[in-house]
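> Mind looking over this structure? Questions follow.
The values are calculated or read from the model by the stated rules, or taken from the named source; none is laboratory data. This is a predicted model, so every value here is computed, not measured. Cβ placement follows ideal geometry from the backbone for every residue including glycine, while neighbour counts extend to all protein chains displayed. SASA here: full protein model, heavy atoms, side chains in, ligands and nucleic acids out. Shrake-Rupley method; radii C 1.70, N 1.55, O 1.52, S 1.80 Å.
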Amino acid sequence: MTDSPVALITGGGSGIGAAVARQLLDLGHRVAVTGRGEERLRAFAAGLGDPKALSTFAGNAADYDSVRSAVDRTLDAYGRLDTVVANAGTATHDSVAEGDPSGWTDMVLTNVLGPALLIRASIDALKETRGRIVLIGSVAGFVPTPGNLYGATKYAVTGLAENTRRQVTEWGVGVTLVAPGRVETPFWDSYGSLPPGHLLTADQIADSVVWAVRKPAGVDVNTVVVRPVGQPN
């Protein structure tokens, strides 16, 4: 148990993050999950039977003290850190020409600053294990959508992944950007309805994350774009 890999996942109480946590736990990893909602985290852990290999920490992915604390608590609990998954994200589902700016600051800080803070807080521990950074981006970070500020934040994540890779690869740390298309998750709750057409499941995206995490030493998978068949953009 003490030698089993350890992962820290932000925004892991539901959706893609929760699916990644479940799959890694099933494979024998130890997992720490963060999120803003303490009740949601408790319910997630309870739904899995409160396994000893799972820790949950309430916190804000866009606050460095909170992120640093999550990394420290993970190391205190498990003694190592092999993988971080920057999954926390939010969307306002509006446009720069017609939207409500009151929600933009939180979206930009969570989606762009959040992954950078997680990298900064975890890199020393990841150097020791020659671990992996996984950033959850989006197809919106490759295909422009009219007026879409959320897409602009994910373009930033796309750039952050490659910029980070170029620095940390010399330390033996891998970087993977997983960019989903349309996925059926709570991401759409504030939108009011699911988008039309076939949607992927959170578990299908988690499959790609876990596939990258479990690559053998010396193999660095950098960009994985996963769309449902039928999504043209």
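> Kindly indicate which of 179, 152 is within 27 Å of residue 40 (Cα to Cα) and among the small types (Gly, Ala, Ser).
Numbers: 152 fails: within 27 Å of residue 40 (Cα to Cα).
After ruling out the rest, the residue left standing is 179.
> Anything in the stretch 49-107 that is in a loop (DSSP other than H, G, I, E, B), more than 26 Å from residue 213 (Cα to Cα) and modelled with pLDDT of 95 or more? List them, or say none.
96, 97, 98, 99, 100
> Might you check whether a residue that is in contact with a Ser or Thr (Cβ under 9 Å, 6 or more places away or on another chain), of a type in the set (Gly, Ala, Ser), surrounded by fewer than 18 Cβ atoms within 10 Å (Cβ to Cβ) and at pLDDT below 95 occurs anywhere in the stretch 185-202?
There is at least one residue in the stretch 185-202 that is in contact with a Ser or Thr (Cβ under 9 Å, 6 or more places away or on another chain), of a type in the set (Gly, Ala, Ser), surrounded by fewer than 18 Cβ atoms within 10 Å (Cβ to Cβ) and at pLDDT below 95.
> So, in the stretch 1-36, how many residues would count as being within 20 Å of residue 72 (Cα to Cα), in a loop (DSSP other than H, G, I, E, B) and open to solvent by less than 60 Å² (accessible area, probe 1.4 Å)?
Counting residues in the stretch 1-36 that are within 20 Å of residue 72 (Cα to Cα), in a loop (DSSP other than H, G, I, E, B) and open to solvent by less than 60 Å² (accessible area, probe 1.4 Å) gives 7.
> Going by the conditions given, is residue 118 touching a Ser or Thr at 6+ places or on another chain (Cβ under 7 Å), of a type outside the set (D, E, K, R), within 22 Å of residue 20 (Cα to Cα) and part of a helix (DSSP H, G or I)? Break it down into steps so the answer makes sense when it comes.
Working: touching a Ser or Thr at 6+ places or on another chain (Cβ under 7 Å): yes; of a type outside the set (D, E, K, R): yes; within 22 Å of residue 20 (Cα to Cα): yes; part of a helix (DSSP H, G or I): yes.
For residue 118, the condition - touching a Ser or Thr at 6+ places or on another chain (Cβ under 7 Å), of a type outside the set (D, E, K, R), within 22 Å of residue 20 (Cα to Cα) and part of a helix (DSSP H, G or I) - is met.
> Please go through the stretch 95-130 and pick out each residue that is over 30 Å from residue 217 (Cα atoms), surrounded by 13 or more Cβ atoms within 10 Å (Cβ to Cβ) and of a type outside the set (Val, Ile, Thr). Can you show your working first?
Step one: of the stretch 95-130, the residues over 30 Å from residue 217 (Cα atoms) are 95-110.
Still in the running and surrounded by 13 or more Cβ atoms within 10 Å (Cβ to Cβ): 95, 99, 103-104, 106-110.
Answer for the stretch 95-130, where residues must be over 30 Å from residue 217 (Cα atoms), surrounded by 13 or more Cβ atoms within 10 Å (Cβ to Cβ) and of a type outside the set (Val, Ile, Thr): 95, 99, 103, 104, 106, 107, 109.
> Go through the stretch 63-81 and count every residue that is open to solvent by less than 20 Å² (accessible area, probe 1.4 Å) and in contact with a helix residue (DSSP H, G or I) (Cβ under 8 Å, 6 or more places away or on another chain).
Restricting attention to the stretch 63-81, the residues satisfying the condition of being open to solvent by less than 20 Å² (accessible area, probe 1.4 Å) are 67, 70-71, 74, 81.
Now narrow it down to the ones that are in contact with a helix residue (DSSP H, G or I) (Cβ under 8 Å, 6 or more places away or on another chain): 67, 70-71, 81.
Matching residues across the stretch 63-81 total 4.
> Still on this structure, I have one more. What's the number of the condition residue 180 fails, among (1) over 15 Å from the mean Cα position of the chain (by Cα); (2) open to solvent by less than 60 Å² (accessible area, probe 1.4 Å)?
Every listed condition holds for residue 180 apart from (1).
Residues checked against (1) among the hydrophobic types (A, V, I, L, M, F, W, C); (2) free of Cβ contacts under 8 Å to residues at least 12 places away in the same chain; (3) out of contact with any His (no Cβ under 9 Å at 6 or more places or on another chain):
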site	(1), (2), (3)
16	yes, no, yes
34	no, no, yes
48	yes, no, yes
52	no, yes, yes
